[in-house]
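Please treat every number below as a calculation from the coordinates, not as lab data. Because the structure is predicted, anything quoted here is derived from the model rather than measured. So basically every Cβ, Gly included, is an ideal-geometry build from the backbone, and we count neighbours across all protein chains shown.
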Amino acid sequence: MRLRFAPVFLSLVLALMTPAITPAHAAIKVIVNDVPITDYDISQRARLITLTQRKSSSVAKRQAQQELIDDQVKLAEADRMGIDIGQTQIDNAYNNIARNVKMSPSQLSKALRSGGVQPATLKSRLKAQLAWNQLLQRRFRGQIEVDESDIIAALQKKDEADRQKSIEYDLKRVIVVVPKNSSGGFKSKRKQESNKIRSAFNGCDDAGSVLGQYSEVVVQPIGRRLETELPPNMRDEINALTPGSLTKPSTTPVGYEMIAVCGKREIASDIGARAELENELRAKEGESQSRKYLMDVRRRATIIYR
């Protein structure tokens, strides 16, 4: 599940500078399976919702209480099914959010605190989301099917031109290697080299003349991929490139990675449109199954309002 912050995240952080209530003054508002939810918990979650979803304070407060109840229900079900989310998993998810909003984890924590939200508030939400995702994968793996008739019906609603063509790319991965324990200065140097490679790159056939100027640069073939097979976070950038170009450098555990578009062609096939529609229909069915499962788990939970 992908976690996104609204574009106005930073401005909202600066706007919400009023102090939050402290745990010492917290009163229990709801008890879910013997786990208390306090007004402090609700206030914290509401502030987080306001920061990330641009909801009014009253709407955010109602949504916060509902989310916290659902979180405890999900965690209880995960515990019943033997699923335990470790701190490393939570920290990794937190770090991914920081990366998505172009911050370091410490910068994200500082921004949250400036808005009156403790980092633990976001991490508790992440723990419940991670646990629920694992539950869904275990319960519905291989069970979410889409009827062929639904795919055909969706295809018929698309324009004829879109139905009969697909975009196929020939891709390679270019990695500027950065050893794990490298200094900040060395990482900065390699980032600059990555940008120079991208600027000078003029096609996969002549890549050696550019890449040969730098040490520890690895090229890995990806092969031919349909547009619909590309990760969503890369699709728009690759679509915008002409053959012979590189994507912007992205940080990976092994260094800075760029994707080379070696070729691009239209093929007479509806496979791309079919795959995209099938994924959309499968996602909708998955969301429906998730809601039904949560309703069933809630019915079995003990929820007491104070």
Relative contact order computed over region 9-139 (Cα-Cα under 8 Å; 6+ residues apart), in percent: 31 percent
Prolate/oblate/rounded label for region 9-139 (Cα gyration tensor, a/c 1.5): oblate
DSSP-assigned coil residues among GluC sites (Glu not before Pro) in region 183-239, each with at most 16 further Cβ atoms within 10 Å: E216
Cβ-defined net charge surrounding E77, 13 Å radius [Lys, Arg +1; Asp, Glu -1]: +2
Among S194, L171, P232 - extreme Cα towards positive end, dipole of region 166-267, charges at beta-carbon: S194
Qualifying trypsin sites (Lys or Arg not before Pro) in region 47-107, DSSP loop, other Cβ atoms within 10 Å at most 14: R54, K102
Rel. contact order, % - alpha carbon contacts under 8 angstrom, at least six apart, region 191-268: 34 percent
Listed residue pairs exceeding 31 Å between alpha carbons, taken from K61/K180; K102/K172; K29/K55; K74/K180; K74/K187: K61/K180; K74/K180; K74/K187
Dipole in debye (nearest 20) - region 166-267, about Cα centre, beta carbon charges: Lys, Arg +1; Asp, Glu -1: 460 debye
Rounded to the nearest 20 debye, dipole of region 9-139 from Cβ charges on Lys, Arg, Asp, Glu: 500 debye
